[in-house]
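Note sheet for the following structure.
The values are calculated or read from the model by the stated rules, or taken from the named source; none is laboratory data. Just so it is clear, the structure is predicted and the values come from calculations on it, not from any experiment. All Cβ positions, glycine included, derive from the backbone under ideal geometry; neighbour counts span all protein chains shown. All accessible areas refer to the heavy atoms of the entire protein, side chains included, with ligands and DNA or RNA removed. Shrake-Rupley method; radii C 1.70, N 1.55, O 1.52, S 1.80 Å.
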Amino acid sequence: MSIPYGRQHIDKDDIDAVINTLTGDFLTQGPKVNEFEEKFANYVGSKYAVAVSNATAGLHIAVMALGLKPGERVITTPITFAASANCVRYCGGEVWFADIDSNTYTLSLESTKKLIESKPKGFFKGIIPVDFAGLPVNLEEFRNLAEKHNLWIIEDACHAPGGYFTDSKGIKQKCGNGVYADIGIFSFHPVKHIACGEGGMVTTNSKDLYHKLSKLRTHGITKDNMAENHGGWYYEMQELGFNYRLTDFQSALGITQLAKNELGVSRRNKIAQNYKEAFEGKIKYQSLPEGTYNAHHLFVIEVNNRKELYDSLREEGIFAQIHYIPVHTLPYYKAIGYEGADLSNSEAYYSKCISLPMYPTLTDEEQSFVIEKVLGFLNE
């Protein structure tokens, strides 16, 4: 038996959708891209969506569209994949880290507020909270903070399509819907909810940002409203953009995968509930704030002898994983230097965290085996 921490699931309808596109007229920049964007925007509740080659590309053009300049500063969490911070560095900006909440593992509002208020007005330009492991950040609280200090917000929702939090008015706010964040980012890597091989989506409710993102995705080139005056061939490169396009056949796969996401997230939550019932009172796991629906990309537990458990599970064919090495401790960021930064919760979390298998096709039998081995090891 071999049980990974995450796994894509491809059905016949996914395969058929890709084959139909491959035998059609367009492989890239065709109708499937637009269809995927429209269906995804409708799913999360945003006005606009821009499909990109991967979520890292999406993060890059998001900070560009928001006008980040060299030397300007952005706050994010250390407990995330490096791309959440790297996008700031791509634009020459400075990354500053605030600590996580020790129970939710997401960016701490209090730590972020403390960091912002320790500096002069205008010192920071934006915040990039991460819906870590699928748990939505309460973006209403971050928006209230951001508005006081004139900051933009990018929601890194790569772990959380289908998740939501409930705001102060009792409204369920889906991840990436753009109500409280300026831009949302999603990933379609195979271990994520929606698998396109590679791929990503950028969502926003701003028409201006939508047009900027669309241009930056395609070399900074536009043909809008130009054919009548210049001819059908005419285009303009209006700024320095990138080739961050998604293909039509990847979009076709994304469309069929998206249609199954609600069912997949429901199954992920059932798996999470099974873990919680087995570990309640024995092992610490990510908390769930009231009114929040976790999309459960990951199920993370904390144990004192993490390395030993990791090795023991691998011997049993259970390939648990660690999410993540704190970004500020990676050699590149360590060289920049974060002496004096209070990131104690993040560092304590990393010393104990381990992600157990979490994907919709994980069977009850496989999960029971995982639970048995985890509890058996801890009881030795």
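Sticking to Cα atoms, compute the Rg of the range 246-331 to one decimal and its Dmax as the biggest Cα-Cα distance, whole number, in Å.
Reported Rg and Dmax, both Å: 16.8, 48.
Out of N150, C87, L246, whose Cα points farthest toward the positive end of the dipole of the chain (charges: +1 Lys, Arg; -1 Asp, Glu; placed on Cβ)?
N150
Can you run the Rg to Rh ratio on the range 162-235? Use alpha carbon positions and the Kirkwood inverse-distance Rh.
Details: Rg = 17.1 Å, Rh = 15.0 Å.
That ratio is 1.14, to two decimals.
Determine, for each peptide in 144-154, 287-297, 73-83, 125-135, the mean count of other beta carbons within 10 angstrom over its residues, then list the peptides with the highest first.
125-135, 73-83, 287-297, 144-154
Quick check: the distance between the Cα centres of the range 317-345 and the range 170-191, to the nearest angstrom?
25
Divide by every residue of the chain the summed helix terms, -39500 (n - 2.57) for each DSSP H run of at least 4, and state the resulting mean residue ellipticity at 222 nm, rounded to the nearest 500 deg cm²/dmol.
Details: 14 runs with 147 residues, N = 380.
That comes out to -11500 deg cm²/dmol.
At a 1.4 Å probe, what is the % contribution of carbon and sulfur to the accessible area of the range 298-378?
On the way: 1870 of 3750 Å².
Answer for the range 298-378 is 50 percent, counting heavy atoms of protein chains only.
Please give the contour-minus-distance gain from T361 to M1: 0.36 nm per residue of separation, less the Cα-Cα distance, rounded to one decimal in nm.
So the chain would gain 128.2 nm between T361 and M1.
Between I19 and E110, what is the label-point separation in nm under the 7 Å Cα-to-beta-carbon projection?
Placing both labels 7 Å along Cα→Cβ, they lie 5.7 nm apart.
Which FRET efficiency, nearest 0.05, do T329 and S102 yield, Cβ-Cβ r, R0 22 Å?
Working from the Cβ atoms, E equals 0.80.
HN-Hα J couplings of the range 140-151 from phi, Karplus 6.51/-1.76/1.60, θ = phi - 60°, integer Hz, Gly and Pro as x?
Karplus-based 3J(HN,Hα) across the range 140-151 equals 4, 5, 5, 5, 4, 5, 4, 5, 5, 10, 6, 10 Hz.
Reachable lysines from K114, Cα under 16 Å, same-chain residues fewer than 8 places away excluded?
Counting by Cα, and skipping residues close in sequence, K114 has these lysines nearby: K125, K148.
Just the Kirkwood number for the chain, please: inverse of mean 1/r across all distinct Cα pairs, in Å, one decimal.
Values: mean 1/r = 0.0464 Å⁻¹.
With all distinct Cα pairs of the chain included, I get 21.5 Å.
So, how do all the Cα-to-Cα distances of the range 65-156 break down into 10 Å bins, in percent, from 0 on up?
18, 55, 26, 1
By the scheme Lys and Arg +1, Asp and Glu -1, what is the net charge of all other residues having a beta-carbon under 11 Å from that of E117?
On the way: positive: K113, K114, K119, K121, K148; negative: E110.
Surrounding charge for E117 is +4.
Please compute the Cα-Cα pair-distance distribution of the range 134-182 with 5 Å bins starting at 0, giving whole percents from short to long.
Over the range 134-182, the share of Cα pairs per 5 Å bin runs 5, 24, 33, 23, 13, 3 percent.
Over the range 1-71, what percent of the accessible surface lies on carbon and sulfur atoms, probe 1.4 Å?
Reported share for carbon and sulfur atoms: 53 percent.
Taking the Cα centre of the range 84-204 as origin and charging only Cβ (+1 Lys, Arg; -1 Asp, Glu), how large is the dipole, in debye to the nearest 20?
Values: 12 positive and 14 negative charges, 41 e Å.
In total the dipole reaches around 200 debye.
Farthest toward the dipole's positive end in the chain, which of A55, S214, T292, given Cβ charges of +1 (Lys, Arg) and -1 (Asp, Glu) about the Cα centre?
S214
Taking the alpha carbon gyration tensor of the range 226-268, what are the square roots of 5 times its eigenvalues, largest first, to the nearest whole Å? Don't skip to the answer; put the middle values down first.
Details: eigenvalues 294, 35, 16 Å².
Ellipsoid semi-axes (Å, largest first): 38, 13, 9.
When the accessible area of the range 214-275 is split by element with a 1.4 Å probe, what percent falls to carbon and sulfur? Mind showing how you got there, number by number?
Working: 1740 of 3290 Å².
Carbon-and-sulfur percentage of accessible area, whole number: 53.
Just to confirm, what accessible area per residue do you get for the range 135-293 at 1.4 Å probe, in whole Å²?
Values: 7100 Å² over 159 residues.
That works out to 45 Å² per residue.
Return the inverse of the average 1/r over all pairs of distinct C-alpha atoms in the range 293-380, which is the Kirkwood hydrodynamic radius, in Å to one decimal.
Averaging 1/r across every pair of different Cα atoms and inverting gives 14.7 Å.
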